[in-house]
1. Give the shape of region 282-429 as rounded, prolate or oblate, defined through the alpha-carbon gyration tensor: a ≥ b ≥ c are the square roots of its eigenvalues, a/c under 1.5 means rounded, and otherwise the shape is prolate if a/b is larger than b/c and oblate if not.
2. Within the accessible area of region 50-119, what % is carbon and sulfur when the probe is 1.4 Å and the other protein chains stay in place?
3. Add +1 for every Lys or Arg and -1 for every Asp or Glu among the other residues with Cβ under 15 Å from the Cβ of ILE310, and state the total.
4. First select every other residue whose beta carbon is under 10 angstrom from the beta carbon of GLU342; then total the charges, Lys and Arg +1, Asp and Glu -1.
5. May I ask you to compute the full-extension gain from ILE211 to SER119, defined as 0.36 nm times their residue separation minus their alpha-carbon distance, rounded to one decimal in nm?
6. If I compute solvent accessible area with a 1.4 Å probe over the protein chains, what percent of it on region 265-346 is carbon and sulfur?
7. Evaluate the relative contact order of region 204-283 (contact order divided by residue number), counting alpha-carbon pairs under 8 angstrom at least 6 apart; express in whole percent.
8. Let a ≥ b ≥ c be the square roots of the eigenvalues of the Cα gyration tensor of region 213-261; is it rounded (a/c under 1.5), or, if not, prolate (a/b larger than b/c) or oblate?
Amino acid sequence: MQNYCLLEVDVNGQEIFLVDKTILASYSGRLRKLFSKLTGKTTRLKLIFDKFPGGAECFELIVKFCYNGGTIKITPFNMFQLHCAANYLEMNQQMQQGRPSLVEQTISFFEKIHYMTWSELIIGLKKCQELIFFMPYSSLLQQFMDCVVGRLELHYISSPCASSTDNSSMQFSGDISTESRGIYTCQATWWFADLGFLKLNMFKMIIDTMISKKLDHHVISSFLFYYKRMKCLNASSVQKCRIIETVIKLLYSLDSNFVSIRGLFDILQASFTLKMSKCSIEKLEHLIGSQLDRAKLDDLLVPSPAGEKIAYNISLILRLVDIFLSTNREKILMYQVKKVAELIDLYTIEVAPDPRLKPSKFLALAMAMPDIARESYDNIYIAIDMYLKVHINALCEEEKIKICCVLNYEKLSEETQKEAAQNENFPACALVTVQNRLKYSVTRTSNFS
């Protein structure tokens, strides 16, 4: 009792412990160094920890370890707590009788994580998230992440549908819907909800691990959309912005062929009300534009930003078309170009009746796709006809001529040529051109017959 000294320990302002200084110092290098600086004898000391890893709960585990002769039962629930606290207190020296230090004991326990159940891994992951500040670059943390992802990979490979080659499943919605529920079940994505608790820093780490371990990009992108939907439900605008920007950055790391175009448009819609960075917006538009051939007309009908008078965001669509044509220049296939041309023609018909649509914007849209992409100009004629009817009194002759010059009359069907030849809204020069073309077509047909 001669060397006994009562130590009062305030742990993060949560709780105060009264312990024997000598017992704790015998296991902690950090405390030994601290106490060695003391001069004179005292029977009571006070120690304050402001940032003790794991707080009072974790410190209590350390006290039990020290008072129990350097032994404690390590479990999935406390392994990260004990490891972080042991490192913090420098409990890394071998104890008496050759017994391993607490740091060594926790490291030894980590070697058995591959035998843990999925539930135990999730418990460990939750505790790890609470202590991430104390182990940002820990090799044990990465080892644990590898184990979690490896378990997912094992379940995915064993799924009866994992080897399916049906590409139709690639284009499901970014959110879990009734239609896609069967696909989700088939691809063993039961773990989405289990990992829904992850905060952004841990979420990014687990996704990076999935990518490095080459987990199916289709499954990863599905999880990203799920995470975005769940986390944004009750989030503030600032939080939503951080979540969506993180998801965009991670989606950008994936093969875009496995990313839902519908899900990307959903994110795009959400971004309009948030103060997202220019870099994130550009990445999102690049993701969409590079696979524009997979979009549908409804996807393109994005309302114009607040303050603009026109109904739809045509500037956005023009940027997406430009991205599609420039990004895929070397590997683009003609059928993809034709699909986008058909899509843009239908979009042009949809926006043409807008009375506030300026001629320059309409022309830019009608001319967005190269001539080679269209086998027929019938839909462009329909769009021009609708636009002229709505804007006939607002357009000068020169503007009408520019608009009608978009048409390739050789690629108009005979029926459309006949209709165009009698269109009162067309300028005189355009009528002459289409009438001459119609005469040529009729003459050519008569000669062949």
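The values are calculated or read from the model by the stated rules, or taken from the named source; none is laboratory data. Because the structure is a prediction, the values reported are computed rather than measured. All Cβ positions, even for glycine, are placed from backbone atoms using ideal geometry, and neighbour counts span all protein chains on display. What goes into the accessible areas is simple: the full protein's heavy atoms, side chains included, and nothing from ligands, DNA or RNA. Shrake-Rupley method; radii C 1.70, N 1.55, O 1.52, S 1.80 Å.
1. The shape class here is oblate.
2. So the carbon and sulfur contribution to the accessible surface is 48 percent.
3. Once positives and negatives cancel, what remains is +1.
4. 0
5. Full extension from ILE211 to SER119 adds 30.8 nm.
6. Roughly 54 percent of what the probe reaches on region 265-346 is carbon or sulfur.
7. It comes to 36 percent, rounded to a whole number.
8. prolate
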